[in-house]
Structures are given as structure tokens and as C-alpha cells.
Amino acid sequence: MAKILVVEDNALNIKLFCDLLAAHGHQPAPVTDSREALRRAQDFAPDLIITDIQLPHVSGLELIRQFRADEGLKHVPIMAVTAYAAVGDDERIRAAGASAYISKPIAVVRFVQEVTTLLETNGEPVAG
Ligand code: MN
């Protein structure tokens with residue numbers, strides 16, 4: 001069981017993500033307002049953060065930078081979820097500090113696999 005913070009402004013997506021995580025034995029904490037994400041993360045002390053990139057108010061890239069600048073959160077693996085993966089997005093998202101990213105609409109199996117891998121490796125790149 002892992003504590004997983006989920007930042008996503010779309011109500012259907014956040015329900016889908018949280019239902020999937022709960023079905024796999026995890027404890028999800030949904031955040032729909034990006035302006036509350038940093039405080040919620042500090043309070044919840046998640047094992048993994050999943051964040052949408054396209055968010056109103058504070059973008060997902062800016063949130064990732066905030067998490068990475070926070071003493072208590074900087075080592076927490078982050079999985080970014082993006083609806084518009086354009087050329088260069090992979091580099092921008094990883095440069096901001098994300099450990100992995102997947103595209104929306106998500107493939108359920110891939111989503112669960114990435115979560116499991118990130119929790120097992122703590123977001124560190126796997127050698128080989
Ligand atoms: Mn969004």
C-alpha cells in the first residue's frame with residue numbers, strides 16, 4: 001500500500017486514476033486545484049505523486065519544479081500525465097524533474113505498470 005497524491009483538474013480522469021490506484025491496494029489523495037497541490041503534498045507525505053501537465057492556475061511543469069524544490073518532497077517519484085505529447089515534451093517534463101510520463105488517454109495496464117515500477121525503484125533509473 002502506497003500513499004499516492006493525484007493532481008488532475010478533470011473530474012472523470014481523477015476518479016479513474018484514484019479508482020485504479022485504490023483497486024490495486026493504494027491510498028490515493030485527489031487534488032483538483034493545482035494551487036493546493038504543494039500544501040497537500042507536504043501534509044500527505046506521498047510515496048508517489050501523479051500530476052497532470054495541463055492544469056489551470058499552476059501548470060504541471062511548475063508543480064513538478066515546486067515539488068523538486070521542497071526539502072520533504074524532492075526525492076518522491078513523480079509520474080506526469082499529458083494529453084498533448086509534442087516533440088520535446090519528454091525532455092521538458094524530465095528536465096522539470098519528473099521520473100516518468102504517460103500520455104492520455106491512458107492505457108490502464110501501462111498506468112498501473114508505471115506506478116508499480118516507480119514505487120519499486122523509487123523513481124531511480126533502472127540500470128541496464
Ligand atoms: Mn488537465
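Once the C-beta distance of ARG92 and ASN122 is scaled by a Förster radius of 25 Å, the resulting FRET efficiency is 0.65 to the nearest 0.05. Using only side-chain charges placed at the Cβ, +1 for Lys and Arg and -1 for Asp and Glu, the dipole size of the stretch 61-128 relative to its Cα centre rounds to 120 debye.
Approximating the spin labels as points 7 Å out from Cα along Cα→Cβ, the ALA45-to-ALA107 distance works out to 3.7 nm.
Over all directions, the projected convex hull of the C-alpha atoms in the stretch 27-78 averages 3.1 nm² in area. Each Lys or Arg adds one and each Asp or Glu subtracts one; over the other residues with Cβ under 13 Å from the Cβ of VAL7, this totals -3.
Taking the three principal axes of the alpha carbon atoms in the chain, the coordinate ranges are 37, 31, 31 Å, sorted in descending order. Between ALA85 and HIS57, the modelled labels are 2.8 nm apart [label points 7 Å from Cα along Cα→Cβ]. This ranking places VAL115, VAL108, VAL58, VAL81 by how few other beta-carbon atoms lie within 10 Å of each, fewest first, which gives VAL108, VAL58, VAL115, VAL81.
FYI, it's all coordinate maths here, none of it is from the lab. Given the structure is predicted, the values throughout are model-derived calculations rather than measurements. Positions of Cβ are backbone-derived with ideal geometry, glycine not excepted, and every protein chain shown enters the neighbour counts.
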